[in-house]
Amino acid sequence: MIEVYNTMTKKKEEFKPVKEGEVGIYCCGVTPYNHPHIGNARPFVTWDVIRRFFAKKGYKVRYVQNFTDVDDKIIAKANGEKSDWKTVSGRYIDSYFKVMDALNVKRADVYPRVSETMEDIVEMISGLIEKGYAYQTESGVYYSVEKFDGYGKLSGRSLEDMQAGARVEVDEKKKNPMDFALWKAAKPGEPAWDSPFGKGRPGWHIECSTMSLKYLGKTFDFHGGGSDLIFPHHENEIAQSEAYLGKNTFANYWCHNGFITIKQEKMSKSAGNFFTVDEILKEFDGEVVRFFILGTHYRSPLDFSKERLEEAKTSLRRLAQAKEAGEEFLKRDGNSDSAKDVLTKAKEYWKNFDEAMEDDFNTAKAIGEMFSLAKEINVYVAGNNAPDKADFAEVMKIYSDMAEILGIFEQGAKAEDGLTEELMEFILNLRAEAKKEKNYALADKIRDGLKEIGVIVEDTKSGAKWKRE
Ligand SMILES: [Zn+2]
């Protein structure tokens, strides 16, 4: 049984798909006006693993993630650099893909953009006006929060509390200070689109209501994003979608990931403790960053530091070494030693891994199970002469299934493609030749040089062997 923590009900609930065997996911994407920071990356890595987990279980997954390519921040940036919103959003959408590729995040099935969904957005706003949930002023079209009974049900706030805490904006035209813009009337120097309510552009929240409805239908399974989106963004999405559809659910499970903190403080641009993924990738592989993110349950805060990344790097290397050792060992011929015990244990760890993932996608616990299996693989490899091929292959298959769900070892395998092996053979042959010619100084120089880059050379009776430090 898959259980999911639902922000709407504030408890774990059994997952029941809208359509048997299928999963529909909408995750709020980025506003492309700068390079993605590590906080941006967290929801996408999280949902990437959730997708993989469902796919592995045989579900047909449909994953939709938007780009808010028309937005105040993009327009401000474009004006600042004397270009246009298309140039700015295009540049940072490219940057987004580059970073997500590095983090081994699979592509969404659809990436709708505001600029390409304008007709549908206008249609939805018209519908909300018709149904009496929205009204027009000279500055645009606003959603009337008082008209929607359930306003505040996701964030658990009451309208009175919100109003008490609201910053008083000087816009007397709004009926209630909490009313939010669905359509912003055109201003000079801003991009604008035609609509029945005059030239203008959409507010932020309406796009996600429109896009999720368009690409996932009237009811779908998961709506995700960072917990900073609960209010007002997701609260407003609910108000819009449910009022428009005339029903009281649209996404069945609302899932929100925790913040990334730095020295226990919330990361923010204003606090100056802000890291773009690009910067981090100069020092660490994308898989390390990914593994670091997955090492903490998605709902918990995740404290970012170089030390934690170093730890993730070491841990990931240990897992990779077990994979290499196991795969090498599997190729070895000879008297096979029973792998029955290790297979029994592997099946147990797989069951635990699966249960951890079924329990609100607990990747941290799942990784722990993978470590237990890595240890068993190492013990079996070290203690035996040759593998029981059928059983041990099954063990290694379980190990690679775990890796597949976590999305690790995929880039390393691509990057190495056997070249490392060949290069190392070549270098060790050169060293052997140097020794043969009694050029021990050169042979030692090669060995020491390799050690410096993390490769250990051991001279054995059957020639030199190498391994990673
Ligand atoms: Zn959204």
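The condition of being under 25 Å from Pro202 (Cα atoms), within 16 Å of the ligand (Cβ to nearest atom), free of Cβ contacts under 8 Å to residues at least 12 places away in the same chain and not small (Gly, Ala, Ser) holds for only one of Glu81, Glu116, that being Glu116. Within the range 433-462, the set of residues being in contact with a Lys or Arg (Cβ under 9 Å, 6 or more places away or on another chain) and of a type in the set (Val, Ile, Thr) comprises Ile446, Val455, Ile456, Val457. Please verify whether Phe180 is modelled with pLDDT of 95 or more and farther than 30 Å from Pro36 by Cβ, treating the condition exactly as stated. The answer is no for Phe180.
Determine whether Asn6 is at pLDDT below 95 and either surrounded by 14 or more Cβ atoms within 10 Å (Cβ to Cβ) or away from the ligand (no atom under 15 Å from the Cβ) (or both). Taking the combined requirement at face value, the residue does not satisfy it. Here's a check for you: in the range 11-50, which residue that is more than 16 Å from the ligand (Cβ to nearest atom) and among the small types (Gly, Ala, Ser) is surrounded by the fewest Cβ atoms within 10 Å (Cβ to Cβ)? So, considering only residues that are more than 16 Å from the ligand (Cβ to nearest atom) and among the small types (Gly, Ala, Ser), the one surrounded by the fewest Cβ atoms within 10 Å (Cβ to Cβ) is Gly21. When the residues of the range 279-290 are filtered to those that are in contact (Cβ under 8 Å) with a residue 12 or more places away in the chain and in a helix (DSSP H, G or I), the one that is farthest from Lys98 (Cα to Cα) is Val288.
Residues in the range 141-175 that are at pLDDT below 90 and either part of a helix (DSSP H, G or I) or β-branched (Val, Ile, Thr) (or both): Leu159, Glu160, Asp161, Met162, Gln163, Ala164, Gly165, Val168, Val170. Every listed requirement among (1) farther than 21 Å from Lys106 by Cβ; (2) among the acidic types (Asp, Glu); (3) in a helix (DSSP H, G or I) is met by Asp333 save one, (3). Scanning the range 235-261 for residues that are over 19 Å from the mean Cα position of the chain (by Cα) and surrounded by fewer than 22 Cβ atoms within 10 Å (Cβ to Cβ) gives Glu242, Leu245, Gly246, Lys247, Asn248, Thr249, Asn252.
Looking across the range 347-361, just one residue is in contact with an Asp or Glu (Cβ under 9 Å, 6 or more places away or on another chain) and assigned to a loop (DSSP other than H, G, I, E, B), and that is Asp360. The residue that is farthest from the ligand (Cβ to nearest atom), among those in the range 51-69 that are within 19 Å of Phe97 (Cβ to Cβ) and crowded, with 20+ Cβ neighbours inside 10 Å, is Arg51.
Filter the range 299-314 for residues that are in contact with a Gly (Cβ under 7 Å, 6 or more places away or on another chain) and touching a residue at least 40 places away in the same chain (Cβ under 8 Å) and give the result.
To start, the set of residues in the range 299-314 that are in contact with a Gly (Cβ under 7 Å, 6 or more places away or on another chain) comprises 299-302, 312.
Result: Arg299, Ser300, Pro301, Leu302.
Here is a check on your reading of the model: is Asn378 farther than 21 Å from Phe292 by Cβ and part of a loop (DSSP other than H, G, I, E, B)? So Asn378 fails the test. Does Asp84 qualify as being closer than 21 Å to Thr117 by Cβ and of a type in the set (Asp, Glu)? In short, yes. Looking only at residues of the range 432-458 that are surrounded by 14 or more Cβ atoms within 10 Å (Cβ to Cβ) and within 45 Å of the chain's Cα centre (by Cα), we find that the one that is nearest to Gln321 (Cα to Cα) is Val455. Among the conditions (1) part of a loop (DSSP other than H, G, I, E, B); (2) surrounded by 19 or more Cβ atoms within 10 Å (Cβ to Cβ), the only one that Val122 does not satisfy is (1).
Of all residue pairs spaced 6 or more apart or on separate chains, those with beta-carbon atoms under 8 Å, a first member in the range 419-430 that is assigned by TED's automatic domain parsing to the domain that holds Ser462 and at pLDDT 85 or above and a second member that is aliphatic (A, V, I, L, M) and assigned to a helix (DSSP H, G or I) are Ile427/Ile446; Ile427/Leu450; Leu430/Ile446.
The values are calculated or read from the model by the stated rules, or taken from the named source; none is laboratory data. All values reported here derive from a predicted model rather than from experimental measurement. Quick reminder, even Gly has a Cβ in these numbers, built from the backbone with ideal geometry, and neighbours come from all protein chains shown.
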